[in-house]
Amino acid sequence: MSGTELHSENPLREGLVGERQPEPCAMVIFGASGDLTKRKLVPALYTLARERLLPAGFAIVGVARREIPFVEQMREAVNKYARRRPVDPGLWSTFGSGISYVAGNFDDPATYERLKSHLEAVDAARGTRGNRVFYISTPPESFEPILQNLGRAGLISRSEHPWTRVIIEKPFGRDLASAEALNKVCLNVLREDQIYRIDHYLGKETVQNILVFRFANGIFEPLWNHKYIDNVQLTVAEAIGIEGRGNYYDQSGTLRDMVQNHIFQFMCLMAMEPPVAFEPNAVHDEKVKVLRALRELPSDAGSIADWTVRAQYGSGYDKGQPVPGYREETGVRPDSRTETYVALKLFVDNFRWAGVPFYVRAGKRMAKRVSEIAITFKNVPHTLFKGPSGAQLGRDPNVLALRIQPDEGINLKFLSKVPGPTIEPRPVTMDFRYGSSFGTEPPEAYERLLLDCMLGDSTLFTRGDEVLESWRFCTRMLDGWAAADESATAALPSYEAGSWGPKEADDLLSRDGRVWRKP
Amino acid sequence: MSAPVQTQSEAGGVGEAPSSRTPESGDVRAREWQEGWAVPVDRIDAFTLGAAISVEPDRIEAELAGLWRKAAERARSEGARFSVTRACLWNLIVHSDGDEEFLRTKRLIDEVSETVPARIISLHETSESADSLGYETPDGGPPIRAFVEANFRRSGNGRREVVAEEITLEAPRMAGQRLPGLVRSLLLADVPTALLVRNPTADSAWLPRLAPEVERFIFDSARLPHAEALVQVESLLRSLYRQDSNRSLAHVDIVDLGWLRLWPWRVLVASLFDSPDAAKALREVSEIVLHHAPDGEPAALLLSGWLCGRLRLRWQATHDRRVFTLSSTAGHHVRLRVEQASVQDAPAGIERVELRCGGHMFAARLQGDTRCIALSSHLQPERVQPVHGRPDPELMVAAMGVGGRDPLMYEALRHSAQLVRGGGL
Ligand SMILES: NC(=O)c1ccc[n+]([C@@H]2O[C@H](COP(=O)([O-])OP(=O)(O)OC[C@H]3O[C@@H](n4cnc5c(N)ncnc54)[C@H](OP(=O)(O)O)[C@@H]3O)[C@@H](O)[C@H]2O)c1
């Protein structure tokens, strides 16, 4: 991995391999009074401090509109949300003394002048040496003004010493044109290697384990292709609804919220070729190739439904409690056509995956919360075993399921003989659970990602061309849906809250002679 | 361990030994019995509650296979308050000398198995003589007693999840030479084996036979009776594993829990020298002072050994027992003092580490009676970092992870042994 770890000249650092400690720096959070800062970012930084992973010179500077007692609020937030609670008073004396706040509007250049002189004072007091991470955790409308104003105020260093890195929250655009425009703004003020587009799913241990599973084990990779794999199913199901975020969700929908980013990232890791090294660009290069190999979907209103299904949840029950349908949720237009469920049939047209369908589904208010990648292998070419009536036995294919959440692990379904005088094959599973084999608590995704950014390691972030490629693909789909909506050819199916999705999604697979897994 | 718990043996159930071979001690021994636990009614119940069940040494595997099978069946029955998931990442052999250490070790491995599922083979050497035991085995040697039990953890929903097993082999010290063969037969294939011997300097008949066969050898320098034992450990490791240079460790990873305990001190002391100016100053180190708690002398010497190794300082002379003159590769002299501090307790036994470099002091000092260490130098604002001593189970887990492999430990041990011995690296 590349990056800026300390130690080259310090002989006492040698051998302290487990500790990846970044160079001194200040972390500036735009959107400091927001939900993400309090629930995830500052608690993650505190945990890093507790585990001695922050550099000696470190400071947090919050920026947002309102005047707030930021340090006290962050102490409360750490007490409530950090992985290690309650706050340790000794540690807080150092950590808390490095937290400060600058109030101002993101659109106002004066905010950045104040921020600049504040950061100079922080450098002097905390030894942060001019190195900065700017974390843009704001509504997307503010991404561009912040980037432009940072550039204008001379707050971005393009050199290696001191360095500047910028983390940008999701969503990175809402279609190809807006993502391209945002990317352009980024590249006007930053080099690509200074931009860290965050997808917090990539910080999850189980997602990283896809790479270890594939590339550190000798037995799976030879089977990982069209010769042995019949189909792949990627599922990201949530049991919750839109949780009061109707205004936001109705503008977004499941394709933008889950598929374009998280699911496409899983798919890339699952389908990519082995990178030449575990280094940012080598990994990004292989992911982009997968996205480029995605077979284009038809964008006309008539045939898009052969490849995609979108739907909205109707009313139903969640754990026995009645819940409203999507269009009855607050903030949602009563005639909304925003999807809360998507099912797709995709092909990665390359040597490895020729002819293997990748079935993707994601949705809200589904039967349970589960994210997994299930790989169904081809059947044996000839069945030896027959039942009393001559029926073929043992046609159940092997399935390898990589469970991302919850109950993280891997299981393999295979056939085994039922004990007795006849040969009766029955499916059994071999199960690996993270929880059972490794009792240690995995770090929060944000801990890992914030640390990686400070270390200058962007392997677990998304590169510009990845984001644009996935938008290119999804925008075509969005266009097809818009055309269908206009010609009113397609009724939007609905599914019962608490179910596995609409009947149309089952039809998508049954046309190919397949069924969805019930994870 | 509390009083033995008697259970009914399941009629025709698992592993009912022929009565003539039934061991004389209680059939089931309880592990630390927790309030609110039901009293086990039979062997399966006892197994899933984590009680130790007496078995014949030659039927250990058969008994375990039966207990696991029955436990899994019972877990599927309605109202079961536990689940069964068998997992194993290691064979872990632990040795304890005497009953007191056995109990301490047992608590440790109970906690370790919550995190690292392992087949644990616990060797308990007792001080009984064969005569006092009242009978002899058919081959004329003193008897070995065996117990099996399940280790489990709490799953997210508070249920007990039975994950791994523990086998205790109890033998009078004089029967120690009978243990290696039995242990070998009990090791699971395809998982590595670790051996934990807290104090490897004690006399042992079996250690030299088993130690070279494991993948990881774990000891604890903080449990050594005195700092001089560092010299013994160093030469023992050299003879067991034929270490001939600092880094050419054989196929075995040697892990010192005491060394892992020093990790926060090493990181914090190292962090004082991260800036280029500080790293430059370090080349001009002229004095090193370490203060330790009363029982922290081996730790302080080990930490000194680390500094010597990293800063390429060689022993020149010893004055007043723990005051040394060292020489750097550039030829200048460095004074090292290792002193007992007035504190009774300190993280990893260390109270402060100070390095005087080019007229400036770089220091990591425990703050009063807190668990916080203040780091100071003229190049940085003072900063405070809490150091939570890692409990032994956590250290064991680290010892069995990637963090366990650290060639610098051996380098530090060699240098510390040299300080104690007065030369002869
Ligand atoms: N929350 C999550 O769990 C989550 C998860 C994944 C990704 N994200 C992403 O993270 C980002 C932030 O989410 P959030 O939930 O934290 O948002 P939020 O709670 O709505 O917070 C928005 C923040 O931006 C500030 N702000 C907005 N406009 C401003 C302006 N013109 N000038 C100055 N300050 C302004 C607000 O300051 P005032 O309060 O002072 O107005 C507030 O601090 C979003 O891009 C979101 O998509 C959030």
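Worth a mention:
- Near pairs, Cβ below 9 angstrom, 6+ apart or cross-chain, from region A:387-409 (acidic (Asp, Glu) and surrounded by fewer than 19 Cβ atoms within 10 Å (Cβ to Cβ)) to any residue that is assigned to a loop (DSSP other than H, G, I, E, B) and at pLDDT 75 or above: A:Asp396/A:Asn379
- Residue in region A:431-453 that is at pLDDT 85 or above, of a type outside the set (A, V, I, L, M, F, W, C) and touching a strand residue (DSSP E or B) at 6+ places or on another chain (Cβ under 6 Å) present: no
- Criterion (part of a helix (DSSP H, G or I), under 26 Å from B:Ser271 (Cα atoms) and either within 12 Å of the ligand (Cβ to nearest atom) or of a type in the set (A, V, I, L, M, F, W, C) (or both)) met by exactly one of A:Leu48, A:Leu36: A:Leu48
- Among residues of region A:84-120 being within 16 Å of the ligand (Cβ to nearest atom) and acidic (Asp, Glu), the one that is nearest to B:Gln367 (Cα to Cα) is A:Glu113.
- No other residue among B:Leu290, B:Leu307 is surrounded by 23 or more Cβ atoms within 10 Å (Cβ to Cβ), touching a residue at least 12 places away in the same chain (Cβ under 8 Å) and assigned to a strand (DSSP E or B) apart from B:Leu290.
- Restricted to region A:129-143, and to residues there that are crowded, with 18+ Cβ neighbours inside 10 Å and not polar (S, T, N, Q), the residue that is farthest from the ligand (Cβ to nearest atom) is A:Arg132.
- All positions within region A:424-439 that are within 14 Å of chain B (Cβ to nearest Cβ) and outside any loop (DSSP other than H, G, I, E, B): A:Val428, A:Thr429, A:Met430, A:Asp431, A:Phe432, A:Arg433, A:Tyr434, A:Gly435, A:Ser436, A:Ser437
- Check on A:Gln260, surrounded by 21 or more Cβ atoms within 10 Å (Cβ to Cβ) and either modelled with pLDDT of 95 or more or within 19 Å of A:Tyr495 (Cβ to Cβ) (or both): yes
- Residue in region A:213-223 that is surrounded by fewer than 20 Cβ atoms within 10 Å (Cβ to Cβ), within 16 Å of the ligand (Cβ to nearest atom) and either within 14 Å of chain B (Cβ to nearest Cβ) or under 29 Å from A:Glu329 (Cβ atoms) (or both) present: no
- The residue that is farthest from the chain's Cα centre (by Cα), counting only those in region A:483-506 that are free of Cβ contacts under 8 Å to residues at least 60 places away in the same chain and in a helix (DSSP H, G or I), is A:Lys503.
- Hits in region B:139-158 - residues which are part of a loop (DSSP other than H, G, I, E, B) and either away from chain A (no Cβ under 14 Å) or modelled with pLDDT of 70 or more (or both): B:Asp139, B:Gly140, B:Gly141, B:Pro142, B:Pro143, B:Ile144
- In region B:333-349 there is no residue matching the filter, namely being within 14 Å of chain A (Cβ to nearest Cβ), free of Cβ contacts under 8 Å to residues at least 40 places away in the same chain and either within 28 Å of A:Trp92 (Cβ to Cβ) or surrounded by fewer than 18 Cβ atoms within 10 Å (Cβ to Cβ) (or both).
- Residue within region B:294-306 that is within 14 Å of another protein chain (Cβ to nearest Cβ) and more than 22 Å from B:Leu366 (Cα to Cα) present: no
- Filtered residues of region A:167-185 (kept if within 11 Å of the ligand (Cβ to nearest atom) and either within 14 Å of chain B (Cβ to nearest Cβ) or closer than 19 Å to A:Gly253 by Cβ (or both)): A:Glu169, A:Lys170, A:Pro171, A:Phe172
- The listed residues are B:Arg352, B:Arg310, and the only one of them that is within 14 Å of another protein chain (Cβ to nearest Cβ) and not aliphatic (A, V, I, L, M) turns out to be B:Arg310.
- Of the residues making up region B:177-198, those that are part of a loop (DSSP other than H, G, I, E, B) and either crowded, with 21+ Cβ neighbours inside 10 Å or without any contact (Cβ under 8 Å) to a residue 40 or more places away in the chain (or both) are B:Ala189, B:Asp190, B:Arg198.
- Subset tally (residues that are in a helix (DSSP H, G or I) and modelled with pLDDT of 85 or more) for region B:211-222: 2
- Test: residue in region A:464-481 that is within 14 Å of another protein chain (Cβ to nearest Cβ), surrounded by fewer than 21 Cβ atoms within 10 Å (Cβ to Cβ) and in a helix (DSSP H, G or I): no
- Check on A:Val61, touching a residue at least 24 places away in the same chain (Cβ under 8 Å) and surrounded by fewer than 23 Cβ atoms within 10 Å (Cβ to Cβ): no
- If you go through region A:51-73 and pick out every residue that is within 16 Å of the ligand (Cβ to nearest atom) and either within 14 Å of another protein chain (Cβ to nearest Cβ) or in contact with a Leu (Cβ under 9 Å, 6 or more places away or on another chain) (or both), you end up with 3.
- Within region A:37-48, residues that are away from every other protein chain (no Cβ under 14 Å) reach partners that are of a type in the set (Asp, Glu) and more than 8 Å from the ligand (Cβ to nearest atom) with beta carbons closer than 7 Å, at six or more positions or on different chains, in the pairs A:Ala44/A:Glu444; A:Ala44/A:Glu447.
- Filtered residues of region A:194-207 (kept if modelled with pLDDT of 95 or more and either of a type in the set (A, V, I, L, M, F, W, C) or away from the ligand (no atom under 16 Å from the Cβ) (or both)): A:Gln194, A:Ile195, A:Ile198
- Among residues that are away from chain B (no Cβ under 14 Å), at pLDDT below 95 and more than 12 Å from the ligand (Cβ to nearest atom), A:Ser157 is included.
- Meets criteria (at pLDDT 85 or above and in a loop (DSSP other than H, G, I, E, B)) for A:Leu412: no
- Single residue of A:Pro442, A:Pro388, A:Pro421 found to be part of a loop (DSSP other than H, G, I, E, B) and within 14 Å of another protein chain (Cβ to nearest Cβ): A:Pro442
- Output for region A:58-111, where each listed residue is charged (D, E, K, R) and either part of a loop (DSSP other than H, G, I, E, B) or under 12 Å from A:Pro43 (Cα atoms) (or both): A:Arg65, A:Arg66, A:Glu67, A:Arg75, A:Glu76, A:Lys80, A:Arg83, A:Arg84, A:Arg85, A:Asp88, A:Asp107, A:Asp108
- Odd one out for B:Ser275, checked against (1) crowded, with 22+ Cβ neighbours inside 10 Å; (2) touching a helix residue (DSSP H, G or I) at 6+ places or on another chain (Cβ under 9 Å): (2)
- Some residue of region A:192-201 being of a type in the set (S, T, N, Q) and farther than 19 Å from A:Leu115 by Cα: yes
The values are calculated or read from the model by the stated rules, or taken from the named source; none is laboratory data. Owing to the predicted nature of the structure, the values given are computational and were not obtained by experimental measurement. Cβ sites come from the backbone with ideal geometry, for glycine too, and all protein chains shown count toward neighbours.
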